[in-house]
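In what follows, a single structure is set out as structure tokens and then discussed.
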Amino acid sequence: ALSVAEGLGRLRAALSKPGQVLRVVGLSGTGKTRMVQAIFEKEVGNGEPPDQAFVLYTDLGNEPEPSAREMLLRLGLKEQRAIVIVDNCNPKAHQTLADVVSQYKKHLSLLTVEYDVADDDSPDATDVYELAPASAQVLEGILQRLVPHLTGPDRHRITEFAGGNARVALALARTVNKGET
């Protein structure tokens, strides 16, 4: 188990070097996308973020053209340094992309993101980071800051129901108007 700052530091260090293949997994609402964004923000965490000029992002859910595999192949053939981030990337697609990166280790790095932890066996030559749901204490703090009119018992009940999912907790909390319970 790593803290967010430690995980962020490791992701930054790895992505700064070509040939790295990383995977971030976690249930919906655990902050995977925000974590990936934070890798490239100087104001967040420790360590130097990788150069944003090398970053390409795609979401497989949008059926990108060219495909992520084709883009990696093109970049590799041109010997162009790139950090490619692929969201909604299932394990099979991840392995296909990782195979391409292994052919062009001097130039490419890969970070894939997936929500389905259950199907994610640790792929070969991949560092996998799993984001755990937020603790009740963290969720209550988020609710207190973002939905301050909630009473303590309401925050507690919503936190308990959300099961560590910040997105669900906020959605529920925002349905409660001032003076309601």
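Every read-out reported here was derived from the displayed coordinates using simple, explicitly stated rules and does not represent laboratory data. Note that the structure is predicted; figures quoted are calculated from it, not measured. Note that each Cβ is placed from the backbone with ideal geometry, even for glycine, and that neighbours are counted across all protein chains shown.
Below, the figures for the structure above:
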item	result
Separation in nanometres of the label points that stand 7 Å from Cα toward Cβ, at Val44 and Gln144	2.3 nm
Separation of the Glu63 and Ser135 label points, Cα + 7 Å toward Cβ, nm	4.5 nm
Highest-fluctuation residue, Leu15, Leu108, Leu170 considered, GNM on the chain with Cα pairs under 10 Å	Leu170
The chain: angle of helix 4-15 to the longest principal axis, Cα-based, in degrees nearest 10	10 degrees
Computed over the chain: relative contact order in percent, which uses C-alpha pairs under 8 Å that are six or more apart	27 percent
Trypsin sites (Lys or Arg not before Pro) within segment 34-82: DSSP coil, no more than 16 neighbouring Cβ in 10 Å	Lys42, Lys78, Arg81
In degrees, nearest ten, helix 136-146 long axis to first principal axis of the chain (Cα)	80 degrees
Fully extended contour minus Cα-Cα distance, from Leu56 to Arg74, at 0.36 nm per residue	5.2 nm
Full-extension gain in nm, Thr33 to Val4, via 0.36 nm per residue minus C-alpha separation	9.1 nm
Inter-label distance for Ala125 and Phe161, nm, one decimal - labels placed 7 Å from Cα along Cα-to-Cβ	4.8 nm
Cross-link pairs Lys42/Lys92; Lys32/Lys92; Lys32/Lys78; Lys32/Lys178; Lys17/Lys42 - those with Cα-Cα distance over 22 Å	Lys42/Lys92; Lys32/Lys78; Lys32/Lys178
